[in-house]
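What follows is calculated from the coordinates using simple rules that are stated; it is not laboratory data. From a predicted model like this one, the values you see are computed outputs, not experimental measurements. Ideal geometry is used to build each Cβ from the backbone, glycine not excepted, and the neighbour counts take in all protein chains shown.
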Amino acid sequence: MNFPSQSEEEAWHERLLNDDVVASEEVFEAFVDPILEALGGNGMTGLQRDEAYDSIVDVILAYVNAPQRFIPGKGRLRDYLIGAAKNKLSDRKRSREARARREEKYMKLVEVRAPSPKDVMETAVLAQQVMEVLRKDKLTQKDFTLLELLLEGEGATHVVGKALDLPPMPEAELRQAVKRHWDRLKKSLARTGEELADVDA
């Protein structure tokens with residue numbers, strides 16, 4: 001499937017800047033399949049194709065929600081979207097591979113040493129104490145989402161920003177926003193550690 005012409009791109013971009021909802025739908029229809037083909041298309045495995053499709057949808061959605069971030073004078077819209085989709089797909093692949101490595105390490109640890117009933121009981125008690133203290137600190141759902149990412153070892157700015165449902169914004173602003181969330185969570189966790197130390201004492 002061919003990409004739209006430059007004149008079509010420019011017309012859609014102008015309409016998006018004027019909040020034309022129909023233009024958003026047309027951009028999706030016009031770009032998803034050509035970008036998918038540009039990323040590998042039929043040469044991909046089912047998983048790769050699914051990840052590519054999700055990445056393309058994310059990128060186009062970000063564009064139609066904030067079209068002003070694309071500067072027409074710097075190049076074609078198709079190149080902008082393809083580049084962004086490649087980066088998004090690369091992030092997804094790294095995240096998936098990191099998760100697979102973590103799961104593999106975890107499975108090896110489980111195979112080497114199964115916990116004793118006493119260890120299981122102590123872990124359950126500690127987990128209950130941690131949750132009670134965290135609830136007292138009134139952590140938000142976003143805080144728990146961040147905590148989950150922290151425990152998984154996930155720190156990529158785009159991944160964290162998406163998990164926190166942050167709106168599209170320039171890279172530097174996104175990093176600052178994510179850092180603010182991390183800093184606030186770390187302070188809460190530090191308080192939790194202090195309270196747990198008091199409980200153990």
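Run the simple label-point estimate for Thr45 and Lys93 please: 7 Å along Cα→C-beta, distance reported in nm.
Distance between label points: 1.2 nm.
In nm, give the distance between the simple-model label positions of Glu103 and Val21, each being 7 Å from the Cα along the Cα-to-Cβ direction.
Placing both labels 7 Å along Cα→Cβ, they lie 3.9 nm apart.
How far apart, in nanometres, would the label points at Asp165 and Glu14 be if each is projected 7 angstrom from Cα along the Cα-to-Cβ direction?
In this crude label model, Asp165 to Glu14 measures out at 3.7 nm.
Report the per residue volume, in Å³, of the convex hull enclosing the C-alpha atoms of the range 1-109.
107
Quick one: of Lys93/Lys186; Lys93/Lys187; Lys88/Lys186; Lys86/Lys162; Lys88/Lys142, which pairs are farther than 20 Å apart, Cα to Cα? Mind showing how you got there, number by number?
Values: Lys93/Lys186 28 Å; Lys93/Lys187 31 Å; Lys88/Lys186 27 Å; Lys86/Lys162 17 Å; Lys88/Lys142 22 Å.
With Cα atoms farther than 20 Å apart: Lys93/Lys186; Lys93/Lys187; Lys88/Lys186; Lys88/Lys142.
Pop the C-beta distance of Ile71 and Arg180 into the FRET formula with R0 = 30 Å and round what comes out to the nearest 0.05.
Given R0 = 30 Å and the Cβ-Cβ separation, E is 0.65.
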